[in-house]
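Single-structure report; data block below.
The values are calculated or read from the model by the stated rules, or taken from the named source; none is laboratory data. Remember, predicted model here, so these are calculated numbers, not experimental data. Glycine also receives a Cβ, built like all others from the backbone with ideal geometry; neighbour counts cover every protein chain displayed. Please note that ligands, DNA and RNA were not included when accessible areas were found on the heavy atoms of the full protein model with its side chains. Shrake-Rupley method; radii C 1.70, N 1.55, O 1.52, S 1.80 Å.
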Amino acid sequence: MVTVPQPNYMTPQDYLEWEKRQEIKYEYVNGEVFAMTGSTIPHNIVAVNLSTALKNHLQGGSCIIYTSDAKLGVTEDGLFHYPDTMVSCNERDRKAIQFIQYPCLIVEVLSPSTEAYDRGGKFKHYRRIETLKEYVLIDAEKISVECFRLNEKGIWELHSFEQGDEVLLTSVNFRFPISLVYENVVFPS
């Protein structure tokens, strides 16, 4: 992400109005906006593979899959992000126009430039969402899926998956071979 110089602090409402007029997407954190940079081809393939599989799995149900063009409003005071994939089964999101607020599942495909933030600051933001049950990190450079799942005691537990494993996403009751998300991905040498 790239910080965009701001003359003054931008309110959440200012950001929402300003971003409508921009040619690219921007995330919003604490009054600052950050340009969303492009991703690699493997990153895109992984995101499409998972989104397609989720769509097929959830078809006909009450849950909706959103991809990286859908904005997520983490809080009322203005944390806005663009996850690679998210799922909401909440009726309130069916009426959303500008952003989603009640996802049960958020997925980020890791990039070297954003991995630390996805694991740290962004996950800290996401944990504020009361409806969130799982946060998934998928590596685009090697076969690795990490699923942080909220347990019955309100503690986030890590479930790691590697080559040959079956991935379980309990928030949407979906099991799939890890190879599904890596179909057609060519890893860097």
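Find the residue count for the stretch 124-163, including only residues that are open to solvent by 10 Å² or more (accessible area, probe 1.4 Å), out of contact with any Pro (no Cβ under 8 Å at 6 or more places or on another chain) and of a type outside the set (D, E, K, R).
So the answer is 14.
Can you tell me how many residues within the stretch 39-67 are under 13 Å from the mean Cα position of the chain (by Cα) and open to solvent by less than 50 Å² (accessible area, probe 1.4 Å)?
Of the residues in the stretch 39-67, 7 are under 13 Å from the mean Cα position of the chain (by Cα) and open to solvent by less than 50 Å² (accessible area, probe 1.4 Å).
With the checklist (1) out of contact with any Phe, Trp or Tyr (no Cβ under 7 Å at 6 or more places or on another chain); (2) assigned to a helix (DSSP H, G or I); (3) open to solvent by less than 60 Å² (accessible area, probe 1.4 Å); (4) not charged (D, E, K, R) in hand, flag the one item Val185 doesn't pass.
Of the numbered conditions (1) out of contact with any Phe, Trp or Tyr (no Cβ under 7 Å at 6 or more places or on another chain); (2) assigned to a helix (DSSP H, G or I); (3) open to solvent by less than 60 Å² (accessible area, probe 1.4 Å); (4) not charged (D, E, K, R), the odd one out for Val185 is (2).
So Glu108 ticks every box in (1) assigned to a strand (DSSP E or B); (2) modelled with pLDDT of 95 or more; (3) open to solvent by 30 Å² or more (accessible area, probe 1.4 Å) but one. Which box is left unticked?
For Glu108, the failing item is (3).
Hey, among Glu152, Glu141, which residue is free of Cβ contacts under 8 Å to residues at least 60 places away in the same chain and either of a type outside the set (S, T, N, Q) or at positive phi (or both)? Break it down stepwise before answering.
On the way: Glu141 fails: free of Cβ contacts under 8 Å to residues at least 60 places away in the same chain.
Exactly one of Glu152, Glu141 is free of Cβ contacts under 8 Å to residues at least 60 places away in the same chain and either of a type outside the set (S, T, N, Q) or at positive phi (or both), namely Glu152.
Across the stretch 4-22, what is the total count of residues that are open to solvent by 80 Å² or more (accessible area, probe 1.4 Å) and either among the hydroxyl-bearing types (Ser, Thr, Tyr) or modelled with pLDDT under 90 (or both)?
4
Within the stretch 88-97, identify whether any single residue is in a loop (DSSP other than H, G, I, E, B) and within 14 Å of the chain's Cα centre (by Cα), and answer yes or no. Full working, then the answer.
At the first step, the residues of the stretch 88-97 found to be in a loop (DSSP other than H, G, I, E, B) are 89-90, 96-97.
Those still in the list that are within 14 Å of the chain's Cα centre (by Cα) too: none.
Checking the stretch 88-97: not a single residue is in a loop (DSSP other than H, G, I, E, B) and within 14 Å of the chain's Cα centre (by Cα).
All but one of (1) open to solvent by 80 Å² or more (accessible area, probe 1.4 Å); (2) assigned to a helix (DSSP H, G or I); (3) at pLDDT 95 or above hold for Ser179, so report the exception by its number.
Exception for Ser179: condition (1).
Would you tally the residues in the stretch 24-36 being loosely packed, with under 15 Cβ neighbours inside 10 Å and closer than 16 Å to Gln98 by Cα?
Here the count works out to 1.
Of all the strands (runs of 3 or more DSSP E) wholly in the stretch 4-80, which have at least 2 residues that are farther than 21 Å from Ser111 by Cα and in contact (Cβ under 8 Å) with a residue 40 or more places away in the chain?
Values: elements: 26-29, 32-35, 64-67, 72-75.
Hits in the stretch 4-80: 72-75.
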